[in-house]
Amino acid sequence: MTQGWNARLDAWLQDRSLRDPQQLGRRIEVLDQLESALVHGLLPSSTHGEALLAELEAINQQLFQTLREDIRRGKGAGSLRAWAASLRSSDNGKGYGPLDALISGVLDLTEPSDAIELGPEMVFYQPTPARHIFDFIEQASPTQADVVMDLGAGLGHVTLLTAICTDARCVGIELQASYVASARQCGQALQVHNAQFFAQDVREADIAGGTVFYLYTPFTGGILRTVLDALRREAAGRVIRLCTLGPCTTVVAEEAWLKPAGACDAQRTVLFQSIPAD
Ligand SMILES: C[S@@+](CC[C@H](N)C(=O)[O-])C[C@H]1O[C@@H](n2cnc3c(N)ncnc32)[C@H](O)[C@@H]1O
């Protein structure tokens with residue numbers, strides 16, 4: 001067993017392409033395997049293994065740093081969209097993948113340890129997998145005229161990436177104050193001036209300015225009903241769009257005042273548009 005791992009380690013040590021910054025997907029695969037082999041003692045007393053781990057991680061950190069600089073210089077949209085296009089193909093379509101590792105490295109968000117216990121019908125924090133965020137950005141293509149609101153924004157991935165990749169004003173509303181503090185800190189560090197975060201219950205938030213709303217199933221039952229009713233009242237005066245992901249899609253698809261742009265598949269982002277009242 002150990003011999004097989006030693007041969008694998010030798011091959012990685014020789015492989016110059018692993019040091020190519022563009023080969024992030026492969027590097028992440030190798031780092032996962034290497035970490036697991038070291039943790040499970042399959043590469044015993046392997047200073048080479050540990051050195052390779054540190055070397056590959058440093059290359060990734062340098063890449064994240066370059067992307068952070070691009071964002072600060074207002075060049076983040078092109079860079080991140082290019083990475084999303086290249087890493088989506090290596091994505092297995094399930095859960096989280098290399099694109100999430102890239103986004104997590106670039107945003108460098110700290111997940112607070114002091115999350116409060118959520119009330120019934122409120123869904124615990126889980127970030128939208130990055131490929132779905134880029135799907136949402138492509139589907140909705142928000143412009144400078146839009147105000148994008150993520151209702152139940154968590155650490156702010158959707159708000160921050162949409163703000164970086166478009167000219168829209170982006171607003172994240174999240175009940176957990178410590179999550180909002182992390183999101184704000186990230187926005188400030190990356191100088192993302194078109195992203196704002198509010199620590200509030202969505203039911204009490206001012207959603208009057210929103211034109212595009214995003215819901216990664218943040219709540220269910222009566223809370224979802226209350227928020228959908230509030231959105232329907234907004235749609236009485238103007239056309240709004242609503243993007244959903246996960247189980248809430250089935251509920252939203254039943255709303256007669258909304259029309260989906262395509263098939264209502266809960267595994268993907270679905271964009272709805274309000275039907276103007278006569
Ligand atoms: C599934 S996570 C989605 C996070 C984020 N929208 C994303 O896609 O990355 C749901 C989030 O909604 C928040 N949440 C649940 N009920 C809420 C409420 N009534 N008002 C504001 N936020 C709420 C939770 O704290 C959690 O962070």
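Here is how the numbers come out for the structure above:
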read-out	value
Carbon and sulfur %, accessible surface of the range 114-274 computed with the full protein complex present, 1.4 Å	51 percent
Solvent exposure of the range 114-274 as accessible area per residue, Å², 1.4 Å probe	43 Å²
Gain in span if fully extended, THR250 to ALA177, counting 0.36 nm per residue against the direct Cα distance	23.4 nm
Euclidean distance of C-alpha centroids, the range 185-203 and the range 1-77, integer Å	32 Å
Cut-off of 10 Å, at most 13 other beta carbons, DSSP loop: longest stretch of the chain lacking such trypsin sites (Lys or Arg not before Pro)	95-237
Relative contact order %, the chain, counting alpha carbon pairs below 8 Å whose residues are six or more apart	13 percent
FRET efficiency, 1/(1 + (r/R0)^6) with R0 41 Å, evaluated for GLN62 and ASP201 via beta carbons	0.50
For the range 2-105, accessible area per residue (1.4 Å probe, heavy atoms of protein chains only), Å²	54 Å²
Probe 1.4 Å, all protein chains present, accessible-area order of SER113, SER274, largest first	SER113, SER274
Calculated over the range 2-105: convex hull of Cα atoms, volume per residue (Å³)	105 Å³
With DNA, RNA and ligands ignored, accessible area of TYR179 (1.4 Å probe; Å², nearest 10)	10 Å²
For the chain, diffusion coefficient by Stokes-Einstein and Kirkwood Rh (Cα), 4 °C, 1.567 mPa s, µm²/s	64 µm²/s
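The values are calculated or read from the model by the stated rules, or taken from the named source; none is laboratory data. Nothing here was measured: the structure is a model prediction, and the numbers come from that model. Backbone-built Cβ (ideal geometry, glycine too); neighbour counts: all protein chains shown. Ligands, DNA and RNA are excluded from the accessible area calculation, which covers all protein heavy atoms including side chains. Shrake-Rupley method; radii C 1.70, N 1.55, O 1.52, S 1.80 Å.
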